[in-house]
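So the structure is just underneath, and the comments pick up after that.
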There are 2 protein chains.
Amino acid sequence: MKVVVIGGVAGGMSAATRLRRLDERAEIVVLERGAHVSYANCGLPYFLGGVIEERDALLVQTPEALRARFRLDVRVRQEALSVDPAARSVRVRDLTTGDEYEESYDRLVLSPGARPFVPQLPGVERAFTLRDVSDTDRIAARLDAGARTAVVVGAGFIGVEAAENLRRRGLDVTLVELGEQVLPPLDPEMAAPLADELRAGGVRLALGTQLKEVRAHDVVLDDGRTVPADLVLIAIGVRPDVALARSAGLTIGPRGGIAVDESGRTSDPAVYAVGDAAEKRDGLTGESTLVPLANLANRHGRLVADAIVGRPVAARPATATAVVQVFGHTAAATGWNEKRLRAAGRPYQALHLHPGSHAGYYPGASPIALKVLYDPTDLRILGAQAVGADGVDKRIDVVATAMAGGLTAPELADLELAYAPPYGSAKDPVNMAGMIAENLATGTDRTVQWHEVSALRDAGATVVDVRTAAEHARGAIPGAVNIPLDELRERTAELPDGDLVVHCQVGLRGHTALRLLAGLGRDAANLDGGYATWSAGRAA
Amino acid sequence: MKVVVIGGVAGGMSAATRLRRLDERAEIVVLERGAHVSYANCGLPYFLGGVIEERDALLVQTPEALRARFRLDVRVRQEALSVDPAARSVRVRDLTTGDEYEESYDRLVLSPGARPFVPQLPGVERAFTLRDVSDTDRIAARLDAGARTAVVVGAGFIGVEAAENLRRRGLDVTLVELGEQVLPPLDPEMAAPLADELRAGGVRLALGTQLKEVRAHDVVLDDGRTVPADLVLIAIGVRPDVALARSAGLTIGPRGGIAVDESGRTSDPAVYAVGDAAEKRDGLTGESTLVPLANLANRHGRLVADAIVGRPVAARPATATAVVQVFGHTAAATGWNEKRLRAAGRPYQALHLHPGSHAGYYPGASPIALKVLYDPTDLRILGAQAVGADGVDKRIDVVATAMAGGLTAPELADLELAYAPPYGSAKDPVNMAGMIAENLATGTDRTVQWHEVSALRDAGATVVDVRTAAEHARGAIPGAVNIPLDELRERTAELPDGDLVVHCQVGLRGHTALRLLAGLGRDAANLDGGYATWSAGRAA
């Protein structure tokens, strides 16, 4: 059997090496358009910032090493021009010599990846993208040539990583984002503290605006501003590279990626596709989706190799879990966010909390802002987001695993998570999220969201701040009455008639206040996530 | 309704505060024998070591604060002497005044905890235990009085934490353990690197021996050695405190704890029990077990409050997840270990791996030794252990959550875990464990364990080290033939007839070698966990 793999990174190389382990005798050819295979794509921004010091560290594998270990015929700088599915043949151009040749196959694996989307704008040819080692080399050359100012366009994960790392190199950096928040995968109240973190790190933010023109040493934004930029990096998203698939007549899916079945097979039974170019099935809806993440590319590469040798395989629907470092903070997310749920018209319940990364009495604990979204009917977890200085990736990994296991949001309360003072709390943040969900599900708590407060107040509700007078003085919701929780029992007579919204700093004392009032016959709602979430939402 | 809670820490206080939130009008009395409630039990060793600097930091709550917030009648230094279930009354002694009185109840919650087990030995009254703030005060006084040498008896989690923290205070510390390994909750090959870490931290280890006598400034061990000890701390385990339950005629379970049903109710329908004194149901067998961990105590305290107000509740069976810091290392475990599975005669498959805590090309990655145990028939995960400098608690929390969700070991391969270079790898350690399990389940890999190698070799098997010559030279399995993986295809003729055991450093190249040989028609077994696990096992 002869297998040709197009694309020698992540998914493609996972397929090729797994295939060799399953079939010592197969002929395996890997064609890579670029100059490198199996490079550390996700490490590129950190190399620019000098965190990864050696360029060689990015080159995880070489063609020679792959040949020696896996007997792979790895050819770099080979561009697949077209596929002839009837002849089972690929037309290839050697980018070094310019020669063209045909490569036949019994099975073809497409792993061409995605291309950065670059809008058609005046001067945009001066801008860089950051997708492979060659991109990195070009940017590094500009830095070495003395670039002092940079504009990064797009405040997604890669844009934020690039902005931080260009700051680390000492550049004056402006991050331009069309949306009103950084890190669009997060909901606005979760992203707001990260905007602060970026600003504190010296990154200027230009939100709600977009690039209009790239000039020699500055850019023009659509609000008319000019921003100095010796270096412009565009990171506003990627598009599946489906040119080859399209030329081969393969079915393109509804999201613009290569359509594949559960085994990674395309509409041509001899052709498979993996990685950023291939569509995935969404874990929530089962519909087609695009998830350009390395773990799924690797996983599906392995799966396709299994499929090629005839093993029964079925890719799990994708949840999409991701994490990003933002200076001293970490932000991570899994599943759907609230914006997307709302836009899709799906019912959901959100909850916010701000527990410590570990026991408060042990030094070094820091707050984690944690948000969990779940279905209010079957209580299935739909997504989660977390932001903080420590322990953020752990909590999102736990929720992602709970989702994979089909646990409900209240069942998070029962997880037995490793606790010692340096690592967590007897009630871990994830447990606490479960307890809140259980309280909501049983009617033991009733919450309102940060964005609902002003309308409730306008409708006559009284906002009661049950924090201490000192906390209230440091910042409060306009019009809120301050009755500290520990005085509330004695001061209920001060509460006006009508609807009550109680709140504390993070939601915990608010819950106790709600229960206290319920016990005295007064209904109240508790502001979910407390003043912390409300103020983050207002800043968003 | 009047509820009396005996024991004002963890489970007891969780029950009392939750009950107040559910019933504003209940009369709630909390009787605590000690001088403090809701103290940071798990922080005590760190206070001794000076990591937690302020003693007040340990006192998370005070009776006054609990009264103000939750209208709890919290009484410290009140010893419950006996319970009269028929009269629904507790006889209480005020340890300050010596007065005795009766306290009636409608519902009683027992949360007396566990007592450190102290063997009857000459001079043992000179030894300390470390269970509450008063114990800590006594030990701190001895430290302040100039203790320079210490013997800690018992190398479990608390003993190890105490030994490390006494070292931190500058004492000359010997850790005495009856077993042949430190940290008995781990299997020996997992614990071996932690023994090294303790020694590197300056803790002397006396394994396989026990205390015979405590004298004024030294101890005598049963091997005849004397060890200097201005301070002796006994931490060889705890026993459920069931004196009161027994006096009340409550059923004591097979493991010596208070027997409770799924709602935490004892054999007396008006009496509940939670925390270290109460038996749990084991997650694997459903049988009674003791799990003296804070998270379950808190969880069950909350659950019992729900039960008292008539909510339907059912405690989940206990998996038991725990973590401990050992100088620069972390060790964590969940579920059953191999020793216990073997002793119980349960079939299991073990797998070991040594992946990096995050992507190797990003600075600061360190190896994690990860072990997963699962049922070879239904592939259900039975337990896991991990040891390393970073990211250990996260991986065990993920596996514990996977167990709660009923995932099989191969399904760990499909978890979508947060990946960016500072946090993990595109194939996370937990994913890799899943891939190994899947390879084993499908016959794609076949492993032997570290402790099986010498018998196989004695039976004529050839051990083939597929690492590089340089790795082989740094340390090898006696008698192993070294053929580096990248030369194996060309050198198979050198392999003798008969059984082959291939191995590399961690198991990954060994797997590739096995597949290569299988493709050439030669069967081989791969040494699980490679030389790293084998050498740790030999050191154990």
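Ranking request for peptides A:115-128, B:240-253: highest mean number of other beta-carbon atoms within 10 Å first, then the rest in descending order.
Ranking, from highest mean packing down: B:240-253, A:115-128.
I'd like the Karplus ³J(HN,Hα) series for the range A:101-108: coefficients 6.51, -1.76, 1.60, θ = phi - 60°, whole numbers in Hz, and an x wherever there's a Gly or Pro.
8, 9, 10, 7, 8, 8, 9, 10
Along the Cα→Cβ direction, 7 angstrom out, place labels at A:Asp523 and A:Asp137. What is the inter-label distance in nm?
Going by the 7 Å Cα→Cβ label model, 6.9 nm.
Which whole-number percentage describes the relative contact order of chain B, with Cα contacts under 8 Å and a sequence gap of 6 or more?
Reported relative contact order: 11 percent.
Would you work out which of A:Ala400, A:Gly208, A:Trp450 lies farthest towards the positive end of the dipole of chain A? Charges go on Cβ: Lys and Arg +1, Asp and Glu -1.
My answer, from the dipole projection, is A:Ala400.
Would you pull out the residues with amide H under 5 Å of B:Leu233's amide H, same chain only if 5 or more places away, H placed 1.01 Å from N?
Under 5 Å from the amide H of B:Leu233 lie the amide H atoms of B:Phe128, B:Val151, B:Val152, B:Val153, each far enough along the sequence or on another chain.
Using 1/(1 + (r/R0)^6) with R0 = 30 angstrom and r between the beta carbons of A:Ala65 and B:Glu287, what's the FRET efficiency to the nearest 0.05? If you can, show how the numbers build up before the last one.
Numbers: r = 52 Å, r/R0 = 1.72.
Calculated value: 0.05.
Residue-wise, which Karplus ³J(HN,Hα) couplings in Hz belong to the range A:244-256, taking 6.51 cos²θ - 1.76 cosθ + 1.60, θ = phi - 60°, and x for glycine or proline?
After applying 6.51 cos²θ - 1.76 cosθ + 1.60, I find 5, 4, 5, 5, 7, x, 6, 5, 9, x, x, 9, x Hz.
Figure the gain on full extension for B:Asp94 and B:Ser366 (residue separation times 0.36 nm, minus the Cα-Cα span) and round it to one decimal in nm.
In short, 92.5 nm is gained.
What figure, in Å² to the nearest 10, do you get for the accessible area of B:Arg71 with a 1.4 Å probe and non-protein molecules left out?
The accessible area comes out at roughly 100 Å².
Residue separation times 0.36 nm, minus the C-alpha to C-alpha distance between B:Ala470 and B:Glu24: what's the value?
153.4 nm
One decimal, nm, shortest first: give the distances between the label point of B:Ala469 and those of the same position in the other copies, each label point 7 Å from Cα along Cα→Cβ.
Spacings between copies for this position, smallest first, are 8.2 nm.
Sequence gap at least 6, Cα distance under 8 Å: using those rules, report the relative contact order of the range A:385-532 to the nearest whole percent.
Relative contact order comes out at 19 percent.
Excluding A:Gly460 itself, calculate the net charge of residues whose Cβ lies under 15 Å from the Cβ of A:Gly460, where each Lys or Arg counts +1 and each Asp or Glu counts -1. Write out the running numbers ahead of the final one.
Values: positive: A:Arg457; negative: A:Glu452, A:Asp458, A:Asp497, A:Asp499, A:Asp523.
That works out to -4.
Residue by residue through B:292-304, how many Cβ atoms from other chains fall within 10 Å of the Cβ on average? Write out the running numbers ahead of the final one.
Values: counts 0, 4, 6, 12, 4, 1, 5, 9, 0, 0, 5, 2, 0.
Partner-chain Cβ atoms within 10 Å, mean over residues of B:292-304: 4.
Please list the non-local residues whose amide H lies under 5 Å from the amide H of B:Ile28, H modeled 1.01 Å from N, same-chain partners needing a gap of 5 or more.
So B:Ile28 has HN proximity to B:Val3, B:Asp73.
Which angle between 0 and 90 degrees, to the nearest 10, do you get for helix A:157-168 versus the longest principal axis of chain A when only C-alpha atoms count?
With both axes taken from Cα atoms, the answer is about 90 degrees.
May I ask you to list the trypsin sites (Lys or Arg not before Pro) in the range A:405-479 that are in a DSSP loop and have at most 11 other Cβ atoms within 10 Å of their Cβ? If you can, show how the numbers build up before the last one.
Numbers: sites: A:Lys427, A:Arg446, A:Arg457, A:Arg467, A:Arg474; in loops: A:Lys427, A:Arg446, A:Arg467, A:Arg474.
Sites meeting the loop and neighbour criteria: A:Arg474.
Assume the label is 7 Å from Cα along Cα to beta carbon: what separations in nm does A:Gly170 have to the matching positions in the other copies?
4.4
Return the whole-Å distance between the Cα centroid of the range A:157-187 and the Cα centroid of the range A:292-332.
If we compute the Cα centre of each part, the gap is 24 Å.
Could you grab the relative contact order for the range B:16-169? Cα pairs under 8 Å, six or more apart, rounded to a whole percent. Don't skip to the answer; put the middle values down first.
Numbers: 189 pairs, mean separation 39.4, N = 154.
Relative contact order here is 26 percent.
For every other residue with a beta carbon closer than 13 angstrom to the beta carbon of A:Leu110, add +1 if it is Lys or Arg and -1 if Asp or Glu, then tell me the sum.
Overall, the nearby charge balance is -1.
According to a simple spin-label model (label point 7 Å from Cα along Cα-to-Cβ), what is the distance in nm between B:Arg346 and B:Arg380?
0.8 nm
Select from the range B:1-95 those GluC sites (Glu not before Pro) which occupy a DSSP coil region and have at most 13 other Cβ atoms within 10 Å, ordered by residue number. Before the final figure, lay out each step's value.
Working: sites: B:Glu24, B:Glu27, B:Glu32, B:Glu53, B:Glu54, B:Glu64, B:Glu79; in loops: B:Glu24, B:Glu53, B:Glu54.
Hits after loop and neighbour filter: B:Glu53, B:Glu54.
Using a 10 Å cut-off around each Cβ of peptide A:320-332, what is the average number of partner chain Cβ atoms that fall inside?
That works out to 3 on average.
With respect to the axis carrying A onto B, what is the closest chain A residue by Cβ position, and how many angstrom separate it from the axis?
Closest to the rotation axis on chain A: A:Gly405, 1.
Taking each residue of A:398-408 in turn, how many C-beta atoms of other protein chains fall within 10 Å of its C-beta, and what is the average? It would help to have the intermediate numbers written out before the result.
Numbers: counts 8, 1, 6, 15, 5, 4, 11, 9, 3, 4, 0.
Average neighbour count from other chains, rounded to a whole number: 6.
Identify the trypsin sites (Lys or Arg not before Pro) of the range B:1-62 meeting these criteria: DSSP loop state and at most 11 other C-beta atoms within 10 Å of the C-beta. Show your work: numbers first, answer last.
Numbers: sites: B:Lys2, B:Arg18, B:Arg20, B:Arg21, B:Arg25, B:Arg33, B:Arg55; in loops: B:Arg25, B:Arg33.
When the trypsin sites (Lys or Arg not before Pro) of the range B:1-62 are filtered for loop state and at most 11 Cβ neighbours within 10 Å, B:Arg25 remain.
Please state the charge dipole magnitude for the range B:32-119, taken about the Cα centre, from unit charges on C-beta atoms (+1 on K and R, -1 on D and E), reported in debye and rounded to the nearest 20.
Here the range B:32-119 has a charge dipole of around 200 debye.
Search the structure for amide H atoms under 5 Å from the amide H of B:Glu213, placed 1.01 Å from N in the peptide plane, and list their residues when 5 or more places away or on another chain.
When sequence neighbours closer than 5 places are left aside, the close amide H contacts are B:Val220.
Can you list the distances in nanometres, one decimal and ascending, from the A:Ala455 label point to the identical position in each other copy, with the point 7 Å along Cα to Cβ?
7.0
Relative to the longest principal axis of the C-alpha atoms of chain B, give the angle of the C-alpha long axis of helix B:10-22, reported between 0 and 90° and rounded to the nearest 10°.
Computed tilt is about 60 degrees.
So, in Å, what gap is there between the alpha-carbon centers of the range B:35-114 and the range A:483-498?
29 Å
Under 28 Å between alpha carbons: how many lysine pairs meet that in chain B, if sequence neighbours fewer than 8 apart on the same chain are excluded?
Eligible lysine pairs with Cα atoms under 28 Å apart amount to 10.
Based on DSSP H runs of at least 4 residues, each adding -39500 (n - 2.57), what is the mean residue ellipticity at 222 nm of chain A after dividing by all its residues, to the nearest 500 deg cm²/dmol? Intermediate values should be presented prior to the final figure.
Working: 16 runs with 152 residues, N = 540.
Helices in chain A give a 222 nm mean residue ellipticity of -8000 deg cm²/dmol.
Residue farthest toward the positive end of the dipole of the range A:447-539, with Cβ of Lys/Arg at +1 and Asp/Glu at -1: which of A:Ala480, A:Val463, A:Gly529?
So the residue we want is A:Gly529.
Compute the Cα gyration tensor for the protein assembly as shown, then decide on rounded, prolate or oblate, letting a ≥ b ≥ c be the square roots of its eigenvalues: rounded whenever a/c is under 1.5, prolate when a/b is larger than b/c in the other cases, and oblate in all that remain. Present the calculation step by step, with values, prior to reporting the outcome.
Values: a/c = 2.00, a/b = 1.30, b/c = 1.54.
In terms of gyration-tensor shape, oblate.
Taking the Cβ of B:Ala155 as the centre, find all other residues whose Cβ is under 13 Å away and add up their charges (Lys, Arg: +1; Asp, Glu: -1).
-3
For the range A:201-213, just list the computed ³J(HN,Hα) in residue order, Karplus coefficients 6.51, -1.76 and 1.60, θ = phi - 60°, integers in Hz, with x standing in for Gly and Pro.
Residue by residue, the range A:201-213 yields x, x, 8, 7, 10, 10, 9, x, 8, 9, 6, 10, 7 Hz.
Specify the angular offset, from 0 to 90 degrees and rounded to the nearest 10, of the alpha carbon long axis of helix A:508-519 from the longest principal axis of the alpha carbons in chain A.
With both axes taken from Cα atoms, the answer is about 50 degrees.
Considering only protein heavy atoms, what is the solvent-accessible area of B:Val153 at a probe of 1.4 Å, reported in Å² to the nearest 10?
10 Å²
The values are calculated or read from the model by the stated rules, or taken from the named source; none is laboratory data. Since the structure is predicted, the reported quantities are computational estimates derived from the model, not experimental observations. We place every Cβ from the backbone using ideal geometry, glycine too, and count neighbours over all the protein chains shown. Ligands, DNA and RNA are excluded from the accessible area calculation, which covers all protein heavy atoms including side chains. Shrake-Rupley method; radii C 1.70, N 1.55, O 1.52, S 1.80 Å.
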